[in-house]
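Everything on this sheet refers to the single structure shown next.
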Amino acid sequence: MKYSKATNYALHTMVYLANLSAEKSVGVKELASKQNVSPTYLSKVLTMLVKADFVESITGVNGGYKLTKPASNISFLDVIQAIEGKTAFFHCDPKNHAETKPHCLIGEVMGNAEQQMEDYLSKQTIGSIVVEIEKHHH
């Protein structure tokens with residue numbers, strides 16, 4: 001259940017961008033300093049988010065990054081999969097015949113757990129976090 005640092009930074013970046021007014025774009029330096037991470041590292045994370053079409057890169061003087069769609073349309077699962085890919089954590093290995101049955105049963109349990117986690121994460125949106133943040137600030 002361990003996610004990479006990149007996923008952590010991606011989620012924080014998305015929430016930060018979602019918390020801004022839609023017209024504003026933020027430079028990588030500002031995003032990086034907010035998270036105490038190097039701009040070089042964060043720009044790799046941003047590139048993945050751009051590829052996934054959650055974030056767009058605006059060039060020019062007031063350039064930077066902004067969300068491409070409403071934060072309420074982007075789930076945690078979307079962001080995690082944009083960074084980690086879509087492979088399952090646990091695989092049943094049919095080559096290992098001696099253990100096929102127990103191993104596949106273990107795989108089933110792990111697969112179900114993962115499915116439940118994915119269902120939960122797909123219901124949690126970046127937008128819902130922003131709403132929570134606003135509640136705590138007022």
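Some values worked out for this structure:
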{"quantity": "Most to least packed among 59-72, 120-133 [average Cβ atoms within 10 Å]", "calculated": "120-133, 59-72"}
{"quantity": "Debye log10 I(q)/I(0) at q = 0.21 Å⁻¹ for the chain, Cα point scatterers", "calculated": "-1.24"}
{"quantity": "Cβ-defined net charge surrounding L121, 13 Å radius [Lys, Arg +1; Asp, Glu -1]", "calculated": "-3"}
{"quantity": "Exceeding the 18 Å Cα-Cα cut-off - candidates K29/K66; K5/K66; K44/K123", "calculated": "K5/K66; K44/K123"}
{"quantity": "Residues whose placed amide H lies under 5 Å from that of V55, excluding near-sequence neighbours", "calculated": "V50, T68"}
{"quantity": "Helical segments meeting 27 Å axial Cα length and Kyte-Doolittle -0.5 threshold in the chain (DSSP H)", "calculated": "none"}
{"quantity": "Of L105, V15, S38, farthest towards positive along the dipole that unit charges on Lys, Arg, Asp, Glu beta carbons give the chain", "calculated": "S38"}
{"quantity": "Cα-centre dipole for the range 1-72 with unit charges at Cβ (Lys and Arg positive, Asp and Glu negative), debye to 20", "calculated": "240"}
{"quantity": "Lys, Arg +1 and Asp, Glu -1 on Cβ, resulting dipole of the chain about Cα centre, debye, nearest 20", "calculated": "400"}
{"quantity": "Full-extension gain in nm, D119 to E56, via 0.36 nm per residue minus C-alpha separation", "calculated": "20.0 nm"}
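FYI, it's all coordinate maths here, none of it is from the lab. Note that the structure is a prediction, hence the values are computed from the model and not measured. Every residue, glycine among them, receives a Cβ derived from its backbone with ideal geometry; neighbour counts consider all protein chains shown.
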